[in-house]
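In what follows, a structure is listed as structure tokens, so that the remarks can point back to it.
No value in this document is a laboratory result; all are computed from the given coordinates. The structure displayed is predicted, hence computed values, not measured ones. Every residue, glycine as well, gets a Cβ built from its backbone with ideal geometry; the counts of neighbours run over all protein chains shown.
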Amino acid sequence: MPSWLPQNAPYQPAATILTDVVDTKLDVRFDYKSQHLLGTAVLTLRPHFYPQSQVVLDAKGFDIQKVELLGEKKPKTLTYAYDKKQLTINLDRAYARTEAYQLRIAYVAKPNELPAGGSDAITSNKGLYFINPLGTEPNKPRQIWTQGETEANSCWFPTIDKPNQRMTQEISMTVESQFKTLSNGLLVSSKPNADGTRTDTWRQSQPHAPYLATMVVGDFAVVSDTWRGKSVDYYVEPKYAGTARAIFGRTPEMMEYFSKKLGVDFPWEKYAQVPVRDYVSGAMENTSATTHGASIQATRRELLDAGYDSGESTIVHELFHQWFGDYVTSESWANLPLNESFADYSELLWAEYKLGADEAALVQHNKLNIYLEEAQSKREPLIRYHYQNREDMFDRHSYQKGGRVLHMLRKYVGDEAFFAALNRYLVQNKQSAVEISKLRTAFEEVTGEDLMWFFNQWFMQRGHPELRISHSFANGQVALRVQQVQDTLFQPVYRLPVTVGVWINNQLTEHRITVSKADQTFSLPAAQKPSLVKFDNESQLLAQFEEDRSTEELLHQFYHARSYQQKVEVLDLLQNKTMELAVSGMMRNALNDKFWMVRRVALDHLRRYRGPETGAVKKEIQRLATADAHPRVRAQALITLASFPNDNYGANFLAALNDSSYTVAAASIEALTKNATVNARKQIAALEETPSAIMLMAIANYYAKFGGLDQYGWFLRRLPDVAEADLYTYFQAFGGLMTNIPPVERDKGIKVLEEHARNSPKYYVRLGAYRGLALLVPTNPNIKAMLQDIKEKEKDDRLRTFYSLM
């Protein structure tokens with residue numbers, strides 16, 4: 001059995017619908033001290049088909065105070081059973097599907113008293129979060145926000161928490177007057193109260209799934225934009241008001257582009273985006289009100305480093321969900337790729353439109369590799385009705401693999417048919433929950449072709465093609481042999497329509513072939529022996545390749561490349577042949593490529609270069625370190641210079657500490673960390689109060705190696721400024737620093753690491769603190785017993801396994 005074959009998992013169908021949630025009205029206020037929500041919900045419900053005399057609502061961890069049936073006369077108290085997860089209400093009689101009824105439920109939600117849960121993708125599932133509720137944490141604003149996906153909104157309001165429900169909604173939030181609020185739909189009233197609070201009411205008039213409901217409360221600056229008369233608002237912490245438009249300002253242009261491309265205008269009443277602190281996911285496409293993690297906010301200097309992948313791609317991804325996920329919703333978590341694959345693919349579509357073919361090809365290349373990395377240990381169908389936990393669906397299959405499958409589908413049917421089919425899918429299924437057959441049907445109705453073969457092999461079966469490709473030339477024919485060498489006991493033999501490029505000197509001829517067998521040979525005409533035969537000349541297949549080409553053919557491919565992928569493939573394949581003059585020349589050529597990522601990859605492969613004209617190559621690298629227009633190229637050039645241990649580039653490294661880009665300055669610190677001959681203590685000390693996260697981490701790593709007692713206080717002082725995602729590395733650097741100071745001085749630092757190793761809510765933070773402590777064992781034997789105790793009390797299986805291996 002292959003190692004990536006998952007264990008048997010239970011069948012997970014779409015939820016059976018007995019009752020429809022038609023409308024939800026909430027009136028909520030917040031108890032900051034106890035971190036409770038005090039709520040009243042008025043739910044309009046209707047039996048789906050069969051008569052019902054009972055309704056079961058998801059309501060996790062509530063105190064239920066009263067359940068009433070609202071009618072024409074006075075409210076009627078209803079009996080109910082409640083097990084802290086579901087509220088089973090006995091109605092006064094059986095209701096038919098033509099009869100809607102209203103329930104009023106008074107309750108207290110206590111999200112912090114729920115058992116801790118979550119996954120790698122969404123690290124907590126308590127639904128409602130109070131951030132710094134008492135204002136005791138320095139440098140952190142007070143906020144309240146929610147995160148509903150997958151089924152966590154029932155931690156703060158009673159509902160039927162399934163993606164195949166759809167409801168209209170009204171939420172009234174009573175908050176302190178200084179705070180702004182945000183929810184789905186439009187702000188329809190804002191009323192001051194006698195006690196100094198304010199009640200804001202947000203109403204969404206179009207139905208959506210319960211998991212897409214949202215609330216955010218906090219001290220935000222609101223920067224307003226518009227698109228075709230609709231409000232487009234950017235909620236940011238006040239200090240980022242000046243850069244909000246630089247971060248989010250392309251949103252109206254994105255809305256226009258996708259509205260035209262899809263033939264369906266942005267469907268909601270407004271669009272807002274808000275970054276929040278301590279967010280438990282990357283970002284979330286709440287209907288008309290996307291929530292981002294706080295790291296998307298940036299200063300002007302930080303924006304110098306903001307590549308497409310560091311913010312804008314996320315803005316695109318969540319916006320595209322407003323159509324794919326919100327307007328048309330997957331009916332079950334098994335069909336999650338109908339939401340996530342499209343959002344993932346939108347990142348390539350926008351890059352192609354706005355940034356050009358090279359940036360789009362970089363998206364394609366990176367995302368394919370992200371999926372292939374996961375596929376080493378996990379291969380599942382995209383649409384999978386068997387899984388242990390619905391959170392398991394949020395993986396590189398649903399996102400990156402699904403996006404690449406959509407790219408192949410687009411290449412197969414052509415652009416016009418692809419977008420016409422998406423339009424048909426959206427129009428026919430608007431405001432409903434769907435499964436994969438609806439997408440297939442839309443494509444079949446547009447193209448007129450039965451596409452079961454495509455959807456079956458790519459959506460319904462696991463794996464991907466693993467191809468061995470070779471060719472020979474004789475008698476005016478190229479014999480191209482394609483072998484599918486994947487394990488076909490658990491994966492299909494694929495049908496692969498693909499383009500083959502045959503180059504004769506500088507002349508390209510393209511041949512369209514369809515691979516359909518495990519071992520197949522194609523004859524392609526050629527007047528003479530080709531300079532290059534390139535399988536998948538459009539770089540569109542989701543596959544692993546082993547393609548026979550000589551060095552000469554690869555060099556020809558580089559100089560005649562049709563895409564970024566074709567160039568970078570050559571750089572990767574020839575990186576160990578730089579002693580050859582022609583390869584060395586190609587690498588130097590790549591250092592001057594028009595696309596920044598080609599230059600960066602070439603620099604990476606030139607680390608420890610020992611080929612021809614070494615002096616000239618190093619001079620070229622030095623030039624890029626100081627003069628290249630792209631900060632990531634300058635940063636890589638510095639790292640590459642640091643790989644030459646017998647050369648002294650200290651002056652370059654020290655000069656780069658003052659670069660306008662934090663990424664470059666941080667790379668220079670990394671280079672100085674590797675180079676013990678340059679004393680940069682004074683210059684590094686001058687940067688100690690940097691606001692930049694990347695600089696903070698670089699300084700921490702420098703002090704772990706070269707610091708001492710003088711820097712001990714700095715580690716403790718800057719700890720509150722470290723982003724949660726960086727604590728794993730920071731704590732190990734802190735442990736490294738403490739190995740350089742006398743054991744009697746370490747008590748406070750050890751206590752900090754122990755506290756986080758035992759109690760941090762994030763498993764990777766606990767791991768970082770544990771590893772930081774482990775560094776101290778050789779000089780403090782008592783820590784060994786502490787680590788053993790931490791290990792024994794750890795409940796996370798991932799960490800228990802890791803600790804047992806250490």
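For the reader, a short list of remarks on this structure follows.
- Using R0 = 22 Å, the C-beta based FRET efficiency linking Leu719 and Val777 works out to 0.50.
- Modelled FRET efficiency - R0 25 Å, Ser189 with Val108, Cβ distances, 0.05 increments: 0.50
- Shape of segment 466-559, Cα gyration tensor, a/c cut at 1.5: prolate
- Residues Asp796, Asp326, sorted so that the one with the fewest Cβ neighbours within 10 Å comes first: Asp796, Asp326
- Note on segment 504-572: Rg/Rh from Cα positions, Kirkwood definition for Rh, rounded to two decimals, is 0.94.
- Segment 604-627 and segment 27-41 have Cα centres lying 61 Å from one another.
- Overall dimensions of segment 240-382 by Cα: Rg and Dmax, Å: 15.5, 45
- Sorting Arg481, Arg410, Arg599, Arg512 by the number of Cβ atoms found within 10 Å of their own Cβ, with the fewest placed first, yields Arg512, Arg481, Arg410, Arg599.
- Legend: distances between Cα atoms for Lys126/Lys762; Lys85/Lys126; Lys261/Lys438; Lys85/Lys378; Lys619/Lys682; Lys354/Lys594; pairs beyond 22 Å are Lys85/Lys378; Lys619/Lys682.
- Taking only alpha carbon atoms, segment 639-689 gives an Rg to Rh ratio of 0.93, where Rh is the Kirkwood radius.
- Trypsin sites (Lys or Arg not before Pro) within segment 177-230: DSSP coil, no more than 12 neighbouring Cβ in 10 Å: Arg228
- Equivalent ellipsoid semi-axes, segment 397-503, via Cα gyration tensor eigenvalues times 5, rooted, Å: 32, 18, 11
- The dipole here belongs to segment 679-806: it is taken about the Cα centre, uses +1 on the Cβ of Lys and Arg and -1 on the Cβ of Asp and Glu, and is about 220 debye.
- About the Cα centre, charge dipole magnitude for segment 466-559 (Lys/Arg +1, Asp/Glu -1 at Cβ), debye: 280 debye
- Computed log₁₀ I(q)/I(0) - Debye formula, equal Cα scatterers, no solvent, segment 645-745, q 0.10 Å⁻¹: -0.25
- Expressed per residue, the C-alpha convex hull volume of segment 679-806 stands at 101 Å³.
- Shown for segment 559-709 is the translational diffusion coefficient from the Stokes-Einstein equation, using the Kirkwood radius over Cα pairs, a temperature of 10 °C and a viscosity of 1.306 mPa s: 99 µm²/s.
- Net dipole in debye of the chain [+1 Lys, Arg Cβ; -1 Asp, Glu Cβ; about Cα centre; nearest 20]: 740 debye
- Whole-Å semi-axes of segment 392-460's equivalent ellipsoid (Cα gyration tensor): 19, 15, 11
- Under-5 Å amide H pairs with Asp225, H placed in peptide plane, nonlocal only: Val232, Asp233, Tyr234
- Listed values for segment 617-629 are Karplus-derived 3J(HN,Hα) couplings in whole Hz (6.51 cos²θ - 1.76 cosθ + 1.60, θ = phi - 60°), namely 5, 5, 5, 5, 5, 4, 4, 5, 5, 10, 10, 5, 6, and x replaces Gly and Pro.
- Listed residue (Tyr662, Ala676, Ala686) projecting farthest to the positive dipole end of segment 659-716, Cβ model: Ala676
- In segment 49-153, trypsin sites (Lys or Arg not before Pro) in a DSSP loop with at most 12 other beta-carbon atoms within 10 Å: Lys73, Lys85
- Phi-based couplings in Hz for segment 312-319 (Karplus 6.51, -1.76, 1.60; Gly and Pro marked x): 5, 5, 5, 4, 4, 4, 6, 5
- Three-way shape call for segment 328-460 based on the alpha-carbon gyration tensor, with the a/c threshold at 1.5: oblate
- Residue among Tyr327, Val42, Thr146 farthest towards the positive dipole end of the chain, charges placed on Cβ: Thr146
- Relative contact order computed over the chain (Cα-Cα under 8 Å; 6+ residues apart), in percent: 7 percent
- Note on the chain: Kirkwood radius taken over Cα pairs, Stokes-Einstein applied at 4 °C and 1.567 mPa s, translational D equal to 44 µm² s⁻¹.
- When each of Arg277, Arg300 is scored by the number of other beta-carbon atoms lying within 10 Å, the sequence from fewest to most is Arg300, Arg277.
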